[in-house]
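Student: My structure is below; once you've seen it, I'll send some questions.
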Amino acid sequence: MRTVKQLLLAGLIKPEEKSLIEEVEKQFALSITPQVIDLIHSDITDNTDNNSLDDPILKQFLPSSEELNIKARELIDPIGDNLNSPVKGIVHQYPDRCLLMPVMVCPVYCRFCFRREQVAKTKGLSKAELDNAYRYIQEHKEIWEVILTGGDPLILKPKVLSEILKSLVAIPHVEVIRIHTRVPAVQSDKITDEMLNVLKTEKPLYVLLHSNHPNEFTPIVKETCARIVDKGIPMLSQTVLLKGINDNEETLGELMRTFVKNRIKPFYLHHPDLAKGTSHFRVSIAKGQKLMRYLRGRFSGLCQPTYVLSIPGGYGKAPIQDSYIHSVSSMSTASLGKCEESYECYDIEDYNGVTHRYEGEL
């Protein structure tokens, strides 16, 4: 963890910015790993414009005065974790899966985090609280998948994580385990041989890497991801669509290709949540839909994430891609003409926006 004083020594903030950054830190946790600091320095050095404030890595992790601009509609719990938490450490929002949050600390704190009001406030679950969480999962036989998140589960010591995974594997109806993490990209040295052996469980385990910009894939990050995949552990991705960081065709497309080239299947592209003090990161849904159309038409199907929005109030994720297909009734006077009553009729747009008629069996 790097404090404001250490960031000052590292040259990431100026002396006159110190008091302002400390004010932000009073509300929202700060942590940056040495690996990320080195990447920021490298990015700034390579930037021909030498505008450090526009660096896509720095903007994700360095506190900004804009975080003190809190909008009325922004929420402490924007995705409704607390509303769906029957016992401490468990979020059970969907019938067949639940979150287990054994730890609430991270190696880095993203400035747009939807749990920014919770992380770093406590180190994690006690043994009694973990046992209570396991008991809940055991009693709810509809739970098919457990998702380890938090906090970042891979910040735990291998021995501690091993005990958690063994406890989950021992529950008969839990058939799949998922881990959400940033560790391989921000603290790669945590992925030791011992950790890899822990992750190789008797039941399928998936590692979901959170990454938002292709510059995050340094040689050491690529090597770390390769070691995970070579161990037989599938990897998928999570990305947040962020203004000024990845909200353009070139960057988002390159990021998705970078995932695929490193054997990481793009999974979710998250629309930014209504977390407090994060309005400067949010883009419009219309822009996100436009970017998804661009990806669909010009990039491999392997490079397509699902664009989702977490509905405020704890109602779950909804896919929000723009629709390409529109039902046309037999009475319609659509531009392509009327439809035969004996067929189902749709107008379908291709990726260039050109509309075509489809008539199928009812």
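Student: Determine whether the range 171-182 contains at least one residue that is assigned to a helix (DSSP H, G or I), surrounded by 16 or more Cβ atoms within 10 Å (Cβ to Cβ), assigned by TED's automatic domain parsing to the domain that holds residue 256 and β-branched (Val, Ile, Thr).
Tutor: Initially, the range 171-182 is screened for residues assigned to a helix (DSSP H, G or I), giving none.
Checking the range 171-182: not a single residue is assigned to a helix (DSSP H, G or I), surrounded by 16 or more Cβ atoms within 10 Å (Cβ to Cβ), assigned by TED's automatic domain parsing to the domain that holds residue 256 and β-branched (Val, Ile, Thr).
Student: Are any residues in the range 223-242 surrounded by fewer than 18 Cβ atoms within 10 Å (Cβ to Cβ), under 18 Å from the mean Cα position of the chain (by Cα) and of a type outside the set (A, V, I, L, M), and if so, which ones?
Tutor: Hit for the range 223-242 is 234, nothing else.
Student: Here's a follow-up. Give me a count of the residues in the range 277-305 that are within 30 Å of residue 26 (Cβ to Cβ), not β-branched (Val, Ile, Thr) and not in a helix (DSSP H, G or I). Steps first, answer last, please.
Tutor: Narrowing the range 277-305 to residues within 30 Å of residue 26 (Cβ to Cβ): 277-283.
Checking which are not β-branched (Val, Ile, Thr) leaves us with 277, 279-282.
Restricting the remaining residues to those that are not in a helix (DSSP H, G or I) gives 277, 282.
Selection size over the range 277-305: 2.
Student: Would you check if there is a residue in the range 189-206 being assigned by TED's automatic domain parsing to the domain that holds residue 138 and under 17 Å from the mean Cα position of the chain (by Cα)? First the steps, then the outcome.
Tutor: Quick first cut of the range 189-206, residues assigned by TED's automatic domain parsing to the domain that holds residue 138 only: 189-206.
Going one step further and asking which of them are under 17 Å from the mean Cα position of the chain (by Cα), we end up with 206.
Yes, the range 189-206 contains a residue that is assigned by TED's automatic domain parsing to the domain that holds residue 138 and under 17 Å from the mean Cα position of the chain (by Cα).
Student: Among the numbered conditions (1) modelled with pLDDT of 95 or more; (2) in contact with a Gly (Cβ under 7 Å, 6 or more places away or on another chain), tell me where residue 119 comes up short.
Tutor: (1)
Student: With respect to residue 357, is the statement that it is surrounded by 12 or more Cβ atoms within 10 Å (Cβ to Cβ), at pLDDT below 90, outside the structural domain of residue 58 (by TED's automatic domain parsing) and not hydrophobic (A, V, I, L, M, F, W, C) true? It would help to see each step written out before you state the result.
Tutor: Details: surrounded by 12 or more Cβ atoms within 10 Å (Cβ to Cβ): yes; at pLDDT below 90: yes; outside the structural domain of residue 58 (by TED's automatic domain parsing): yes; not hydrophobic (A, V, I, L, M, F, W, C): yes.
Yes: the conditions hold for residue 357.
Student: In the range 71-121, which residues are buried (at least 18 other Cβ atoms within 10 Å of the Cβ) and of a type in the set (Phe, Trp, Tyr)?
Tutor: Residues satisfying the conditions are 109, 112, 114.
Student: Of these, 255, 196, which one is at pLDDT 95 or above and within 27 Å of residue 163 (Cα to Cα)?
Tutor: On the way: 255 fails: within 27 Å of residue 163 (Cα to Cα).
None of the other options fit; the residue is 196.
Student: In addition: Being modelled with pLDDT of 95 or more and crowded, with 20+ Cβ neighbours inside 10 Å is the filter here, so list the residues in the range 41-58 that pass it.
Tutor: 57
Student: Going residue by residue through the range 207-219, is there one that turns out to be under 23 Å from residue 109 (Cα atoms), assigned to a loop (DSSP other than H, G, I, E, B) and of a type outside the set (S, T, N, Q)? Even if it seems obvious, please write down each step before you answer.
Tutor: Taking the range 207-219 first, the residues under 23 Å from residue 109 (Cα atoms) are 207-219.
Narrowing further to those that are assigned to a loop (DSSP other than H, G, I, E, B): 211-213, 217-218.
If we keep only those that are of a type outside the set (S, T, N, Q) too, we end up with 213, 217.
Yes, the range 207-219 contains at least one residue that is under 23 Å from residue 109 (Cα atoms), assigned to a loop (DSSP other than H, G, I, E, B) and of a type outside the set (S, T, N, Q).
Student: Run residue 190 past the list (1) surrounded by 19 or more Cβ atoms within 10 Å (Cβ to Cβ); (2) without any contact (Cβ under 8 Å) to a residue 12 or more places away in the chain and report the number of the one that doesn't hold.
Tutor: Residue 190 satisfies every listed condition except (2).
The values are calculated or read from the model by the stated rules, or taken from the named source; none is laboratory data. Values in this document were obtained by computation on a predicted structure and should not be read as measured data. Don't worry about glycine lacking a Cβ; one is built from the backbone with ideal geometry, like all the others, and counts go over all protein chains shown.
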